[in-house]
Amino acid sequence: MKPVNNSGSPPIQSPLLERELQAYSEWKHTLTNIMEEYRVWARRHGLSSDEDEQRIDACQRALDSDRLTIAFVSGFSRGKTELINAMFFASYGRRLLPSTAGCTTMCPTELFYDQKAEQPAYIKLLPVETRLQRTTSLDQLKQNPASWVTCTLNPSSADQVANCFQQVTQTRRVRLEEAELLGLYDPEQEPPRKGQPATIEIPKWRHALISLPHPLLKQGLTIIDTPGLSGLGHEPEIPLNMLSSAQAILFVLAADTGVTRSDMALWQNWIEGSMHARRRGLMVILNKMDMLWDELQDDTTISASIEKQCNDTATILDLPRGNIFPVSARKGLLSKIQGDKELLQECGLLRLEKHLFREIQASCREAIQNTITVEISHMLEGTIGGVASRHQGILAQLSSLQELSGKSAEVIEHLIQKNQREEADYIQEIHSFQAGHQAQEPPTLQVREQREQMRSRLQKLEKISSSRNTLETRITELQQQDRATRQQLSTLRSISTALHQQIQQPTGNSAS
């Protein structure tokens with residue numbers, strides 16, 4: 001499917017988003033390879049334990065399952081879903097998620113790519129009636145396919161996908177008693193009034209899971225589209241868990257109204273509490289910026305009006321001005337579909353996208369550095385320390401034996417010279433003795449004793465010489481161990497250096 005605009009050219013893509021996600025995926029892949037190199041080396045040298053193997057496996061699984069998660073939060077009619085369409089799905093040439101007037105997301109919706117599914121393009125909807133299963137968590141329900149209503153998507157047909165997505169806006173009317181039983185109506189907070197209808201409108205679905213083979217989703221991006229204030233209140237544990245796991249939260253306001261009372265309630269109840277644990281990744285979007293584009297005013301006046309709204313928002317929410325982004329999602333979607341680069345620059349979408357991916361990559365890298373890489377670094381440092389300690393022991397033995405070997409050589413040389421002198425004297429004595437006696441006479445007792453003494457000296461000399469040979473052999477062995485251990489330390493330090501360099505390496509243009 002290659003949608004086109006009225007001019008016949010394809011819509012403007014978002015290469016920045018794809019490039020940054022691809023760079024991040026490659027960065028993680030390199031980390032995984034470094035871990036595997038260390039594992040293979042440790043096995044080859046007999047330095048791997050079952051515990052180490054399990055720790056490396058756990059780290060590699062964590063890297064593989066790591067996802068970039070972006071959550072969008074807003075009140076009613078702030079253009080949140082239109083912003084998602086503009087940022088991620090303009091390539092379909094139309095609104096993919098329902099964001100026209102009168103359409104609103106009624107349940108928390110997760111968009112991702114399920115690479116393990118036989119049919120990876122689907123939408124799964126959890127009926128609101130599952131709220132009656134009080135003791136069953138959402139994670140448990142996700143493991144039970146029978147609890148969900150599934151619709152297969154056809155990625156080559158934008159119309160079919162968009163029609164299926166309309167289901168997240170569905171509601172149904174139920175009696176007050178049923179709504180109370182489902183936990184969607186509290187008579188104490190909303191006491192019945194005279195003339196009040198006996199039924200109310202509730203969401204048809206409790207949760208939606210959408211798997212789509214979109215390039216960004218296939219690279220590990222997860223998008224969370226939350227319902228408005230009332231929808232968040234119906235399922236407090238679900239959005240809280242989803243927001244806490246997100247690397248970025250985009251809080252969407254309307255530029256023409258600023259922070260309203262309902263916006264402030266959303267901020268205080270769902271977002272502000274997470275700020276203390278969140279060092280980065282929080283952005284406030286002043287959407288519908290085009291509502292402030294007044295043709296009767298000059299550009300300077302319009303820019304000043306937009307900047308004032310941004311400053312006021314930052315003051316009210318107690319945020320840095322740099323966290324506030326004026327945007328027109330509607331114009332951004334239109335500019336991408338029509339290929340209007342000038343309008344795309346004016347709508348503020350590119351600046352938001354660049355900042356967003358710089359923030360979430362930094363957040364993910366920080367999380368990996370504080371967990372996975374710390375774990376592997378400790379293992380590497382422990383192994384390097386063990387090998388270095390063994391190397392010091394080898395060097396100490398080698399130094400001691402080499403010193404002993406030098407002394408032994410001097411002792412043996414002295415004994416050899418002494419033995420040679422005594423042997424020469426002995427031979428001279430034998431010749432003198434034989435000259436004064438007949439040859440047939442047997443050796444005297446003195447001669448026999450001298451012979452035994454000579455043999456004894458020769459045997460001692462042979463033992464000393466043998467000991468020296470053994471000593472030299474051991475020295476040779478230690479020298480070989482010294483060279484091997486030096487090579488091991490060099491390899492380990494190279495792996496450690498590669499790991500730390502990879503941690504510090506930027507993953508894309510936006511990170512630089």
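Derivation of every value follows stated rules applied to the coordinates shown; laboratory data play no part. Owing to the predicted nature of the structure, the values given are computational and were not obtained by experimental measurement. Cβ: placed from backbone, ideal geometry, glycine included. Neighbour counts: every protein chain shown.
Working ranking of peptides 341-348, 104-111 by packing, defined as the average number of other Cβ atoms within 10 Å per residue, highest first, is 104-111, 341-348.
Segment Ser490..Arg43, full-extension length gain: 159.2 nm, with 0.36 nm per residue of separation and the alpha-carbon distance subtracted.
With θ taken as phi - 60° and the Karplus curve 6.51 cos²θ - 1.76 cosθ + 1.60 applied, the whole-hertz 3J(HN,Hα) list for region 20-30 is 5, 5, 5, 5, 5, 4, 5, 4, 5, 4, 5 Hz, x standing for glycine and proline.
The distance between label points at Leu16 and Thr150 comes to 3.8 nm (points 7 Å beyond Cα on the Cα→Cβ vector).
If you take the square roots of the eigenvalues of the alpha-carbon gyration tensor of region 93-189 and sort them as a ≥ b ≥ c, do you get rounded (a/c under 1.5), prolate (a/b over b/c) or oblate? It is oblate, given that a/c is not under 1.5 and a/b is not larger than b/c. Packing here is the average count of other Cβ atoms within 10 Å per residue, and on that basis the peptides 173-183, 120-130, highest first, run 120-130, 173-183.
First select every other residue whose beta carbon is under 9 angstrom from the beta carbon of Asn85; then total the charges, Lys and Arg +1, Asp and Glu -1. Local net charge: +1.
For the set Lys28/Lys331; Lys80/Lys341; Lys288/Lys308; Lys80/Lys204; Lys28/Lys354; Lys80/Lys116, the pairs lying more than 24 angstrom apart at their alpha carbons are Lys28/Lys331; Lys80/Lys116. Under 5 Å between amide hydrogens, built in the peptide plane, is the criterion, and for Tyr113 it picks out Leu212 among residues at least 5 positions away or on other chains. Among residues other than Glu51 with Cβ under 13 Å from its Cβ, the summed charge is -3 (Lys and Arg +1, Asp and Glu -1). The length gained on full extension between Gln268 and Ile475, counted as 0.36 nm times the residue separation minus their Cα-Cα distance, comes to 67.2 nm.
Sorting 313-321, 213-221 by their mean Cβ neighbour count within 10 Å, with the most densely packed peptide first, gives 213-221, 313-321. Note that region 67-370, at 20 °C in a medium of 1.002 mPa s, gets a Stokes-Einstein diffusion coefficient of 105 µm²/s from its Kirkwood radius over C-alpha pairs. Take the Cβ atoms of Glu129 and His355, set R0 to 30 Å, and the FRET efficiency comes out at 0.15.
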